[in-house]
Amino acid sequence: LHKSGFWRPKSLLDTARFTLSFNSRHRKKHQDSRALWKHEAVQKYLETLSKEYQQVSRLLNADSINDFEQRTLRKRCADLSPIAAAFQEVKEAEREVQELEAMCRELDSRDEKQLLELALEEKETLHKKINMLCRKLFQLLVPKEKYDRSHVILEVTAGRTTGGDICQQFTKEMFEMYQNYADYKSWTFDIVNYTPAEIGGLHHAAAHISGDDVYRHLKYEGGTHRVQRIPETGLSSRMQRIHTGTMSVIVLPQPEEVDVKVDPKDLRIDTFRAKGAGGQHVNKTDSAVRIVHLPTGLAVECQQERSQLLNKEIALRTLRAKLYQQVIEKQLSQEQSARKLQLGTRAQSERIRTYNFTQDRVTDHRISYDARNIKEILSGKEALDKLINRLLEFADIEAVTEYLENLQALEGGGC
């Protein structure tokens with residue numbers, strides 16, 4: 001709005017899609033929100049946004065702007081308001097910490113020991129509050145991805161290794177972990193197909209998960225997961241040594257309206273008897289459906305329902321989601337061909353996480369983060385939620401850091 005005297009450069013808030021890259025060159029100095037908050041470029045950027053918010057607020061009260069300018073300013077004001085508020089909250093909390101630190105330096109006599117302990121407790125509470133506010137602030141800065149609120153199709157597939165039972169057992173545990181996590185988050189978890197292994201593990205399974213912000217929480221789960229353990233059952237258990245296996249997870253966003261035209265002539269539809277748990281109808285009727293999209297070779301199966309017709313409808317919906325995913329991937333590759341962390345399908349050769357049972361440790365290689373107590377994580381509750389939120393926080397930090405680095409490069413500045 002040049003004639004109103006208001007102009008600003010393109011900001012992170014205006015970015016239609018900010019791509020994230022978990023790569024090998026981790027930024028050690030920005031491992032958490034608090035560390036990034038202290039960066040000079042971040043402070044400068046937030047001060048700029050805060051001043052812009054004040055300027056926009058003043059312009060909204062001016063009589064000289066027309067309706068179009070007023071609508072534009074209202075939208076910008078709504079975008080900036082929570083950021084400006086969070087920024088001021090962090091600054092106020094830091095001022096309180098400085099006041100407490102100054103008071104603590106003066107409280108050195110024995111008579112004031114109890115007061116000093118109370119001040120230190122208050123200081124610790126304020127530090128926790130600042131950390132929480134910093135995470136909130138960077139979540140506000142990073143634009144939400146288009147599909148964050150979407151439901152998902154989640155698929156798990158066992159890898160191949162000597163004595164493949166370790167992969168199949170691990171695949172079953174992982175599928176149950178996501179099922180429990182869906183319950184923990186109050187999502188709906190509908191199994192689309194389930195192909196068990198003979199020794200009690202799982203070859204392949206898929207589920208439709210619906211609820212609030214499902215894709216946002218699961219989008220970084222896609223990829224190759226590695227397990228290291230001494231098998232408890234099966235042929236491999238007799239060898240009493242650590243085995244390594246893998247399984248893959250694919251997470252496909254499924255927007256409510258998927259407009260993908262599928263020509264019936266391009267489909268081959270097969271029916272077969274369902275496998276695995278599911279009631280008396282299993283292995284008695286050809287209710288399960290497999291649909292192959294001939295032009296692309298994509299194949300989907302569904303054995304969730306007793307009705308062949310219902311299974312066909314679900315399979316078609318899944319097929320459309322996969323075809324739609326190809327459209328998304330094409331768009332993303334055009335936007336940034338070097339992007340390593342993709343939406344949905346990822347390079348299966350690059351492991352994202354290792355579950356080491358002998359050391360009771362889970363390592364996420366993208367963020368160099370170790371978590372203990374594998375059983376708690378595989379239970380799909382608070383421990384897994386903590387790990388996933390750590391990934392989301394790191395992704396926000398990466399997004400803000402990369403934006404500021406690019407901005408400084410354009411301005412000719414250094415970090």
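Note on ARG317 and GLN43: the extension gain reaches 94.0 nm, defined as 0.36 nm multiplied by sequence separation minus the Cα-Cα distance. Whenever you get a sec, compute what percent of the accessible area on the range 33-141 sits on carbon and sulfur atoms (1.4 Å probe). Accessible surface attributable to carbon and sulfur in the range 33-141 totals 48 percent.
Accessible surface for the range 62-174, divided over its residues, is 58 Å² per residue with a 1.4 Å probe. Its relative contact order, with pairs defined as Cα atoms under 8 Å and 6+ residues apart, puts the range 78-188 at 24 percent.
The values are calculated or read from the model by the stated rules, or taken from the named source; none is laboratory data. Keep in mind the model is a prediction, meaning the values are calculated, not measured. Ligands, DNA and RNA are stripped out before the accessible areas are found, and what is left, the full protein with its side chains, is counted by its heavy atoms. Shrake-Rupley method; radii C 1.70, N 1.55, O 1.52, S 1.80 Å.
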